[in-house]
Structures are given as C-alpha cells and as structure tokens.
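In what follows, a structure is listed as structure tokens, so that the remarks can point back to it.
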Amino acid sequence: MTKQEYLKQVTIGNVPELSAHIELKEYDPAWTALYEVERQKINNALKRDGIVVEHIGSTSVPGLCAKPIIDILLLVEDSYDEDSYVPELEKAGYAMRVREPNWYGHRMLKGTAPEVNLHVFSIGCGEAQRMLDFRNWLRTHEADRKLYESTKRILVQKEWRYLQDYADAKSDVVREIFKHIVQTYRIRPLTEHYIPEMQTLFHDTIITINSKDYTKEQVEEAESTSECNITKNF
C-alpha cells in the first residue's frame, strides 16, 4: 500500500492537498491560552473522570516556531469505542477526520477557530507517552529544540503535496532526538501488562514503519492478522 493509498484509507472525507508552502509562526504565548479554552471545552463535553487532556505538538513548547494549529492529546478508556466519546465531541464542534485502527487505535478530530487537531488514544498507550516525552524533552533541552526548529525551517521551504508528507519528513530528526531521550529511560522488567503494546509495535513496524524491508506477502500477512491478534491498548 502506498502512502497516498494509506492516507485515503484512514481519512474520513477527502485528503486535503497543500496549495502553498507551509508557513511557520514564531512562538506565541497565546497558544497556551487557546489550548486552555479547548481543554475546558473537551472536559465539559465528556463530563467524566478518568480522561486525560494534554497540550502537545510544537505549539506546546515555549520558544519553538510552529504551524498555528493546536495539537491536543485526549486519552480515553478505549479509543476504539467511538460511541463513548465521538458524539459528545461532535456536539462541541469537533469533526471526525482520521481513523487508524492499526496504529494504536488512533483517532483524530478537527476543530476550527482556532484550528485544532485532537488526537485520541486509549489510556496506557505507549505512543501517547512518547508524544509527551518528546514534548517534555524539547521544553527542557535547548540544543534539541533548536535542532528540531532548524530542521522544520528547512523542510517548509520545500513543496509538499500533503501535510503528512511534511510530518513524515521530520522522522529522521525525531529519531535522532529520541536517541537522547531513551538514554534517560529507566529499563522496566517485562510483564504481561506490556504485551499488547509490544504486539502493536511489532505489527506497526511491518505494516508502516519499515514496510519497505518486508516482502509484499509478509506485509499482507501482518495486515490480515493485526485485527485479531493485537489487544487494544496516545
């Protein structure tokens, strides 16, 4: 499956194409205030304990330039159970745009005025924790923040068909920064609790991350077994 085919498969509605260069804005402290408004909106819509709402992405890192889009992480009990949260969020003005059952159960809803990307994962999802780890690291490590920013400024000078292409182009620098982050990780003993996440990581590696390193038959086999073998996990 090509990247374009994958985008069409997981996107609800048309996949928007870029008509101009991506524009980065200098860091604006108002982004934090905009997030706080959205956080309250989400909490009011869902009206329950046990959820987690976090400001993520470049607008959450003081001093970092960014596209003026507020990225928000929402952790719910089960991201696959859309009936438990999507209707309430839609009433609050968010629209369902992305459904990725084979990538940590990720869902993404869009908000407008301001533009918001609301990313939904299940509580305990390792990918969600990695997003928070990356945000926290950039907030406290200036050298890597500058490295990330300089890479972004170079990439926005290029022409991209889809915004996801630009995001994917940042993968190398993200991996480089994560090498620094993982050096601070505490190694945890393997328990049954981590098996679902390891299964998901294994399948994601074959299907998307390193699909070019596997045969077509191996990728198809992983795709066909992922739904039944992966236990649901941000």
**Request:** Could you let me know the centre-to-centre spacing of segment 47-96 and segment 1-39, using Cα atoms, in angstrom?
**Result:** 13
**Asked** Pulled fully out, how much extra length does the chain show between S150 and D133, if you take 0.36 nm times their separation in residues and subtract their Cα-Cα distance?
**Response** 4.1 nm
**Asked** Which of the lysines could a cross-linker span from K41 if the Cα-Cα distance has to be under 18 Å and same-chain partners fewer than 8 positions apart are dropped?
**Response** K91, K110
**Prompt:** How big is the Cα convex hull of segment 1-46 in projection, averaged over all directions, in nm²?
**Reply:** 5.8
**Asked** Using the per-residue mean of other Cβ atoms lying within 10 Å as a proxy for protection, in what order, highest first, do the peptides 123-132, 155-164 fall?
**Response** 123-132, 155-164
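Please list 104-117, 37-50 highest first by mean number of surrounding beta-carbon atoms within 10 Å per residue.
104-117, 37-50
Taking 25 Å as R0, compute the FRET efficiency from the Cβ-Cβ separation of Q199 and E115 and round it to 0.05. Working shown, then result.
Details: r = 34 Å, r/R0 = 1.37.
Calculated transfer efficiency: 0.15.
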**Asked** Measuring from label point to label point, each 7 Å out along Cα→Cβ, what is the E36 to E159 span in nm?
**Response** 4.3
**Prompt:** Going highest first, how would you order 16-29, 137-150 by mean Cβ packing within 10 Å?
**Reply:** 137-150, 16-29
**Prompt:** R0 = 22 Å: FRET efficiency of Q4 with K216, Cβ-based, nearest 0.05?
**Reply:** 0.80
**Message:** At q = 0.14, 0.19 Å⁻¹, what log₁₀ I(q)/I(0) does segment 1-113 have when each alpha carbon counts as one equal point scatterer in the Debye sum?
**Reply:** -0.68, -1.17
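Every read-out reported here was derived from the displayed coordinates using simple, explicitly stated rules and does not represent laboratory data. Please read all numbers here as calculations on a predicted model, not as lab measurements. Methodologically, a virtual Cβ is constructed for each residue, glycine included, from the backbone with ideal geometry; neighbour enumeration extends over all protein chains shown.
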